[in-house]
1. What residue, among those in segment 174-191 that are within 19 Å of Thr158 (Cα to Cα) and of a type outside the set (A, V, I, L, M, F, W, C), is surrounded by the most Cβ atoms within 10 Å (Cβ to Cβ)?
2. Test Lys236 against the stated conditions and say whether it is of a type in the set (D, E, K, R) and over 22 Å from Ser341 (Cα atoms).
3. Sort out which residues of segment 277-291 are touching a strand residue (DSSP E or B) at 6+ places or on another chain (Cβ under 9 Å) and under 14 Å from Arg330 (Cβ atoms), and write them in order of number.
4. Within segment 128-148, take every residue that is among the acidic types (Asp, Glu) and part of a helix (DSSP H, G or I) and give me the one that is farthest from Tyr207 (Cα to Cα).
5. Does at least one position in segment 336-349 carry a residue that is modelled with pLDDT under 80 and buried (at least 23 other Cβ atoms within 10 Å of the Cβ)?
6. Could you run through segment 135-169 and say how many residues are basic (Lys, Arg) and closer than 21 Å to Thr307 by Cβ?
7. Please work out which one of (1) within 19 Å of Ala323 (Cα to Cα); (2) not in a helix (DSSP H, G or I) is the condition Ile122 fails and give its number.
8. Is segment 265-280 home to any residue that is without any contact (Cβ under 8 Å) to a residue 12 or more places away in the chain and in a loop (DSSP other than H, G, I, E, B)?
Amino acid sequence: MNEKLKQLESDFKLALVAVENSVELKELESEYLGKQWKLKAILAWVKDLSIDDKKTVWVAANALKNEFSELLSQKSQSLEDAYFKDIEEKEALDVSIGFASQKLWHKHPISHATELLEDIFISLGFKIEDGPQIEDERHNFDMLNIPDNHPARDVWDTFWISDTINKHKKSWEKYLLRTHTSPVQVRTMISQELPIKIIVPGRVFRYEQEDARHTSNFYQLEWLVVGEWVTFWDLKWTLDTVMKQLLWEKTELRFRPSIFPFTEPSAEVDVSCQICSGTGIRDAKKCSMCSGTGWVELLGAWMVHPTVFEGCGIDPMKYSGFAFGMWIDRIAAQRFWVSSSRMFYQNKLKLNEQF
């Protein structure tokens, strides 16, 4: 009986060496360990042996069965390794070989301008904040010292959310597409500890008559500094530093006194037009970007109104702050010499492919 087991082991190992793929391996497994396995046929004679011989043969047979299973498993792993090695050799890539890359995308000019602004302000120690584009009336107007009956509301031709949503809400609870990013300043002053030094880039919406400088949705960036002994001089220095990094050292700034309900004092800030180099003339015609004046209104700048501080729980006798609000679209137009902000929203590939 032992000789038959040894012969079976020898035959199995020879057959295993000849196996070249997983199909042949499966057939060999079925032949030796399947329902009609060869070992089973040999063990059919065990019933005629003595009890002691039966024990010896069964132990040897089980050991042989376990050996077959282990050898089959090793062969399976060997075939799998060889298969993947063959794939690696056939599909091998030399990543050191240079090849001409094809640029399949273009970053939008407004994205370029936004990232540039963020880099400048981060270098000055500012943090970036964000907020919802669908805002409630309280944060967008009321907490900025612009109550429901205030004439300054007429400055913003607002996109209100449908009457189905707003008709059951009180005036300060109604929803709208935010008209500026200033609500994020309010939310930050309520939720964060002082001092505060943030910028807020984002998309805003107004029902505007569109021209070279105005669109009904555009991108704005505001920044806010709140602390002790913050002055208008700090505002001017910060603004001058940012504008000269953004639009080059030759850029000139012009401050004009203005009025905003949520600030005091306030100013409109113009920069010398980069499209016409401040001359007001481009291609022998009046420059459409600056309307022939040589100046482009780029932002508003102001000291935060004490009433706004009080509404946010900040002591206006101890703390002061300044804020700016600029149009990223106009920044992009000035920096990249695009004659009309409307072009940024017209999906013109000739424009975007330049970036």
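1. Taking the candidates together, the pick is Ser182.
2. Spelling it out, Lys236 is indeed of a type in the set (D, E, K, R) and over 22 Å from Ser341 (Cα atoms).
3. Hits for segment 277-291 are Cys287, Ser288, Met289, Cys290.
4. Among residues in segment 128-148 that are among the acidic types (Asp, Glu) and part of a helix (DSSP H, G or I), the one farthest from Tyr207 (Cα to Cα) is Asp142.
5. Yes, the conditions are met somewhere in segment 336-349.
6. Of the residues in that region, 2 qualify.
7. Against the list (1) within 19 Å of Ala323 (Cα to Cα); (2) not in a helix (DSSP H, G or I), Ile122 comes up short only on (2).
8. yes
The values are calculated or read from the model by the stated rules, or taken from the named source; none is laboratory data. Fair warning: this is a prediction, and the values are worked out from it, not measured in the lab. Reconstructed Cβ throughout: ideal geometry from the backbone, glycine too, with neighbour counts over all protein chains shown.
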